[in-house]
Structure formats: C-alpha cells, structure tokens
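The values are calculated or read from the model by the stated rules, or taken from the named source; none is laboratory data. Nothing here was measured: the structure is a model prediction, and the numbers come from that model. Cβ coordinates were reconstructed from backbone atoms using ideal geometry, including for glycine residues, and neighbour counts include every protein chain displayed. The protein model used for the area step is the full one, side chains on, heavy atoms only, and it has no ligands, DNA or RNA in it. Shrake-Rupley method; radii C 1.70, N 1.55, O 1.52, S 1.80 Å.
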Amino acid sequence: MSIVRSKICGITRVEDALAAADAGADAIGLVFYSKSPRAVDIHQARRIIAALPPFVTTVGLFVNASRCELTEILEAVPLDVLQFHGDEAPQACSGFHRPWYKALRVGAGEDLSAQIAQYSGASAILLDTFVAGVPGGTGQVFDWTRIPSDMDKPLILAGGLTVENVADAVRQVRPYAVDVSGGVEASKGIKDAERVREFVRRVRQACDD
C-alpha cells in the first residue's frame, strides 16, 4: 500500500505542534473559526508555525470566512494549504494563491459524487461526518462504504478517527491522508503527545501490512 499521510488538526499550542512533528505527522491544522474550542488567533498561529521544523505542512481551516478575513490572515500567517470546512461555494475557495481542499460532510441520502464534482479546483477532498449544526470535530465516524469508488481527487479521511480505529480506516479506505483532532486529545484543544505518536505509528504500520 502507498504511504498514507497524517494530519493533526486543532493545534493550539507550540508544544503540541512540536509533538506532532516529532511523531512524524506530515501536517498540522490551525483552526481560524472563533466558535471552535480549538480556535487560534493570528498571534498564536504565528508562534506555532515559527517553532515548527522544516517539512511539516501548515494547514489553515476556515468556516465560511469572508474574503476580507481570509486575506488578512494570509497576509500575516505563512500557511501552506487552505481547508474550507463550511458551506463555501467553489468560487469562494479559489484566488488565494494557495493549494486548497474542500471538506464535505457525509450524511444520509446525499450524492457525494455530485458534490465532489463541483470542486474541480480543489487539490483534494476531505470527507467528515455530518452532524446538523456542527461543521466538524464531532468525534463521530461515518459509513466508509459510502465513499465513492471513482473519486478523481486525493481523499483525506476525517470523522471520529482514533488510535483504536485508524488502522482499520487505512486498510479499508486507503485514503491519501487521515485527519485527526479530538481522537488524540487530553482535552479540547490540548493534544496528548503519546496518543499523537501512537496514531501516526499505527497509520504507518497499517500501510506496511
């Protein structure tokens, strides 16, 4: 199996970013959404990114942010990739001179293939669990058999991943990457370094099986 990459999302502290990098995570996620318990401001984000070693990708997560807000953040924070996790239309995601991907929430009865096709400019598609009124971070797993088999973009799998189930997810879904937040936390916004390390280890181990 090809290598599956790991992203540790909802980083709020320098020490958690360094723990993710030390564990071998490929990317960290910084949440620019004030309603999230894992939200960071510009100053926090700058401190975290400045502390990272080379070759760790920094992803900014946005939920229905205005172009003005996005531009202001991107002028101040050196993000590598943008993650749009709200109800953004395709045109709202482009034009920021960064690679970007769209998070789609998997609910009952939705035509995922049609939704994915709308975001032709995306570098990847992230699939998360649908919970009414909550854009993400629900800690709930969706039915992986609903993932279209004919996806023409890299798949980032999210939604309720933990140390306990991520190996099964990798073997069953074979995504491009897995994205975890609450599943490796001691409390909301505070990562457990040992769980982060074990999560990345199990992803890599599953790739070798």
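Please verify whether the range 198-206 includes one or more residues that are at pLDDT 95 or above, among the β-branched types (V, I, T) and assigned to a helix (DSSP H, G or I). Can you show your working first?
Kept after step one, since they are at pLDDT 95 or above, are these residues of the range 198-206: 198-206.
When the remaining residues are screened for being among the β-branched types (V, I, T), the result is 200, 203.
In the following step, the residues that additionally are assigned to a helix (DSSP H, G or I) were identified as 200, 203.
Checked the range 198-206: at least one residue is at pLDDT 95 or above, among the β-branched types (V, I, T) and assigned to a helix (DSSP H, G or I).
Looking at the range 141-148, can you tell me whether even one residue there is touching a residue at least 60 places away in the same chain (Cβ under 8 Å), out of contact with any His (no Cβ under 9 Å at 6 or more places or on another chain) and over 21 Å from W100 (Cα atoms)? Walk me through it before giving the result.
If we filter the range 141-148 for residues that are touching a residue at least 60 places away in the same chain (Cβ under 8 Å), which is where we start, we get none.
No, the range 141-148 contains no residue that is touching a residue at least 60 places away in the same chain (Cβ under 8 Å), out of contact with any His (no Cβ under 9 Å at 6 or more places or on another chain) and over 21 Å from W100 (Cα atoms).
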Of all residues in the range 1-23, which are open to solvent by 20 Å² or more (accessible area, probe 1.4 Å) and assigned to a loop (DSSP other than H, G, I, E, B)? M1, S2, I3, T12, R13
Which condition number does Y101 fail, the rest of (1) at positive phi; (2) touching a residue at least 12 places away in the same chain (Cβ under 8 Å); (3) aromatic (F, W, Y) being met? (1)
Could you figure out which of (1) modelled with pLDDT of 95 or more; (2) more than 17 Å from D179 (Cβ to Cβ) isn't true of A20? (2)
Restricting attention to the range 161-184, which residues are closer than 20 Å to D16 by Cβ, in contact with a strand residue (DSSP E or B) (Cβ under 8 Å, 6 or more places away or on another chain) and buried (at least 19 other Cβ atoms within 10 Å of the Cβ)? L161, V166, A177, V178, D179, V180, S181, V184
